[in-house]
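A short write-up of the structure that comes next.
The values are calculated or read from the model by the stated rules, or taken from the named source; none is laboratory data. What you see is a predicted model; the values in this text were computed from it and never measured. FYI the Cβ positions are ideal-geometry reconstructions off the backbone, even for glycines, and counts take in every protein chain you see. When the accessible area is computed, the model is the full protein with side chains, heavy atoms only, and any ligands, DNA or RNA have been set aside. Shrake-Rupley method; radii C 1.70, N 1.55, O 1.52, S 1.80 Å.
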Amino acid sequence: MAAWFRPSRPNRPLVLALALAVLPLAGWAAARHLDGASRDRALAATVPQEVRAGYATSARCEACHPAQYASWHRGYHRTMTQYATPAAVRGDFADVTLRDGDNAVHLSRRGDDFFAEMVDPMWQYQVDIGQRTPAPGEAAPRALRRISMVTGSHHMQAYWVPCNEGNNQLSLPFTYLFDDRRWVPRGQVFLHPPEQDHYDEQVWNVSCLRCHTTAGQPLALLPGGGWKIESVLGENGIACEACHGPAEAHIAANQNPLRRYWLHLRGAGDPTIVNPARIAPARGAEVCGQCHSLTDVSEDIELGRGKTYVAGGELEQSQPLLRPLHPSPALARYVNDDPLYLRNYFWADGTIRVSSRDYSGMVESKCMQSGRLWCGSCHSLHDSDPVNLLAAGKDSDAACTSCHPAIAGALEGHTHHAAASQGSRCYNCHMPYTVYGLLKGIRNHRIDSPAITDAAAAGDARPNACNLCHVDKSLSWTAQQLARWYRQPVPAALATDDTPAAITWLVSGDAVLRALAAWHLGWQAGPQPAAVGPAVPYLVTALDDPYAAVRYVAGHAVQNILPGAAFDYLAPPDARRRAAAEILRGWLAQHPMTESQTQAIDARIQTLVGQRDNTPVRAME
């Protein structure tokens, strides 16, 4: 054998040295694994677990449905609620101290764990709901809590900590806003009266579990009462079985490959699972409606065994819709308990006006009542961009013109706008942004046509699409256009005042209307810059709105119109007013006015503020 082919002996000293070097690394890896397992067990003892009978979890769907699993996994339904891991947490926990008045929270991170040092959350909750009265001079006890769960991953993220009573999860008193990259007090991201408490959003098990998980069971009504809650889930987030029903039986039936092949060959559905696209449109829409609607929720659903509805069933059997256009004893009970209930959720014409209730809007639409339209007509969880979940080809007029081909063939004659303009987009006229939520405007899914009614003339109506885009025009102008184009009657009581409707809504409307008007003035896809500019003095007035959410939306509208304008909606009142005055001075420098012109604007603002609808509004998102 040639020398160059002869096997060599191992270098024993080198091997020994390598072994000695690797052993500590192996030990460190093992210790880290054990430490991680220990942390996972500790967390599992304090959070609701995925143990509901009949539910398999999405992990077991992936093997047979990898493409569907992947498309769901990249979306936002999955991340509605997650356990607090480095992959899930988006807020800044790098040794941050947050303050809201006298309340201070210190955030930190240790390895893969996130912590909040704060007033004991259970003590604070009991004080907030009147179950505990601090003794004179009693200092609020503080506690170090590990962040256990996160809710939301699209626009903002709320955080939860265990209260150490069962698996009850209480809110961190701050929310992280993604676009702004900042922490804000949790009460300042909702459109709620500034003088009201927000304790009803502090308990995840009863405020979030029903729609931010799959098959969640609050189980807060435990024998003996007390604070201990032992909630369970089918799965965290909105997972496969929320839309397709419990899958244990489906998995068991399809262990037989012959059965799977036979179903594929037949091209038929599988009776052991629900495909919303294969059932009647009304039933398919209710799969989404179980969460995206306003329904009568029994005490057992909210606090006990959770929803009995499963995909494919009839939603009204367990969660009857609350519809002002179809009064019911259930709706009467809610109104009796809260006289402002309808105002909080609906416009005067019965149209939903707060977010996450798209089905409540769509069910009032003639398009759905025709029996052809359902959520899947435009949206797809698996064949879409995750942001709006619009199915391929449905982000254009084709979503509407497929059912209305005559309009597609004469678009400009129908819309009276240039074909390429925003005014010729079907959804801008028939699904305007008249729903408020998540600090922005959202499309209303009650598909109807713009109109100026007697209620609109009296100032008691949902804002119309025309004036939300033509923000420099009055209601009278819109009524004349609709009469000329579509022969709509002009209300006799319509004022001849030339004040732009958007300005009236911004300053005089109730809090939801003010927020939506402000959002539209900053809507970059909508109004023309020349129309928006004159609204700046009125937007500056909105920067001092009593509702923090209105100030937030108005501030962002100003920054869209005047890039570089600085405004903090949570700054102290004096600082906000100084910033607003500086914004106005800068705008006036670019748009000089005579003294009489500025006096006229000031007089109009004073008149509109005096007419403001100060009815308390609590937009329950």
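Using a/c under 1.5 as the rounded threshold, could you call segment 173-267 rounded, prolate or oblate? The axes a ≥ b ≥ c are square roots of the C-alpha gyration tensor eigenvalues, and prolate needs a/b larger than b/c, oblate otherwise.
Judged from the Cα gyration tensor, segment 173-267 comes out oblate (a/c at least 1.5, b/c at or above a/b).
Express the accessible area of the chain per residue in Å², computed with a 1.4 Å probe while the remaining protein chains stay in the model.
50 Å²
Mind giving me the FRET efficiency for residue 606 and residue 265? R0 is 56 Å, r the Cβ-Cβ distance, nearest 0.05 is fine.
0.15
Quick one: Cα convex hull volume of segment 212-262, Å³ per residue?
Normalising the Cα hull of segment 212-262 by residue number yields 95 Å³.
Where Lys and Arg each count +1 and Asp and Glu each count -1, what net charge lies around residue 116 among other residues with Cβ under 10 Å from its Cβ?
+1
Using only DSSP helix segments of four residues or longer, with each worth -39500 (n - 2.57), what per-residue ellipticity at 222 nm results for the chain after dividing by its residue count and rounding to 500?
After summing the helix terms and dividing by residue count, I get -10000 deg cm²/dmol.
Mind listing the phi-derived Karplus ³J(HN,Hα) values for segment 558-570, rounded to whole Hz, using 6.51, -1.76 and 1.60 with θ = phi - 60°, and x for any glycine or proline?
Working through the residues one at a time gives 4, 5, 6, 7, 10, x, x, 5, 9, 7, 10, 5, 9 Hz.
Answer rounded, prolate or oblate for segment 122-182, using the Cα gyration tensor with square roots of eigenvalues a ≥ b ≥ c: rounded when a/c is under 1.5, else prolate when a/b is larger than b/c, else oblate.
prolate
Compute the distance in nm between two label points, each set 7 Å from the Cα along the Cα-to-Cβ direction, one at residue 251 and one at residue 458.
Taking the simple label geometry, residue 251 and residue 458 are separated by 5.8 nm.
For the pair residue 144 and residue 402, what calculated FRET efficiency results from E = 1/(1 + (r/R0)^6), where r is the Cβ-Cβ distance and R0 = 45 Å, to the nearest 0.05?
E between residue 402 and residue 144, to the nearest 0.05, is 0.20.
Return one number: the angle in degrees, 0 to 90 and rounded to the nearest 10, between the long axis of the Cα atoms of helix 595-610 and the longest principal axis of the Cα atoms of the chain.
The answer is roughly 70 degrees.
What accessible surface, in Å², does a 1.4 Å probe find on residue 541, ignoring ligands, DNA and RNA and rounding to the nearest 10?
Residue 541 has an accessible surface of roughly 40 Å² with all protein chains in place.
What's the percent breakdown of Cα-Cα distances in the chain across 10 Å bins, shortest bin first?
In order of increasing distance, the bins hold 3, 14, 22, 24, 18, 10, 5, 2, 1, 1, 0, 0 percent.
Rounded, prolate or oblate: pick one for segment 399-532, where a ≥ b ≥ c are the square roots of the eigenvalues of its C-alpha gyration tensor, a/c under 1.5 means rounded, and failing that, prolate if a/b is larger than b/c, else oblate.
Verdict is oblate for segment 399-532.
Can you give me the relative contact order of segment 58-192 as a percent, contacts being Cα pairs under 8 Å and 6 or more apart?
Relative contact order for segment 58-192 comes out at 19 percent.
For segment 527-615, just run the numbers: alpha carbon Rg, then divide by 2.2 N^0.38 Å, N being how many residues it has.
1.07
What distance in nm separates the simple spin-label points at residue 577 and residue 63, each placed 7 Å from Cα in the Cβ direction?
6.8 nm
Please give the helix 257-266 orientation as an angle from the longest Cα principal axis of the chain, in degrees from 0 to 90, rounded to the nearest 10.
Helix 257-266 sits roughly 30 degrees off the main axis of the chain.
With axes computed from alpha carbons, what is the tilt in degrees of helix 511-521 against the longest principal axis of the chain, rounded to the nearest 10 within 0 to 90?
Computed tilt is about 90 degrees.
Calculated FRET efficiency, residue 227 and residue 594, Cβ-Cβ r, R0 60 Å, to nearest 0.05?
0.40
On the protein heavy atoms, probe 1.4 angstrom, tell me the percent of accessible surface of the chain carried by carbon and sulfur.
Carbon and sulfur atoms account for 56 percent of the accessible area of the chain.
With all protein chains present and a 1.4 Å probe, how do 163, 466 order by accessible area, largest first?
Listed by decreasing accessible area, they come as 466, 163.
Once the other residues with Cβ under 11 Å from the Cβ of residue 431 are scored (Lys, Arg +1; Asp, Glu -1), what is the net sum?
With Lys, Arg at +1 and Asp, Glu at -1, the net is +1.
Sort 363, 387 by heavy-atom solvent-accessible area, probe 1.4 angstrom, most to least.
Ranked from most to least accessible, the order is 387, 363.
Given labels modelled 7 Å from the Cα in the Cβ direction, how far is it in nm from residue 70 to residue 180?
In this crude label model, residue 70 to residue 180 measures out at 3.8 nm.
Taking a cut-off of 25 Å, what percent of all Cα-Cα pairs in segment 464-621 are separated by more than that?
Roughly 30 percent, rounded to a whole number.
Rg to Rh ratio, segment 54-108, alpha-carbon atoms and Kirkwood radius?
1.21
Treating segment 279-408 as a set of equal point scatterers at the Cα positions, no solvent, please give the Debye-formula log₁₀ I(q)/I(0) at q = 0.11, 0.23 Å⁻¹.
-0.45, -1.46
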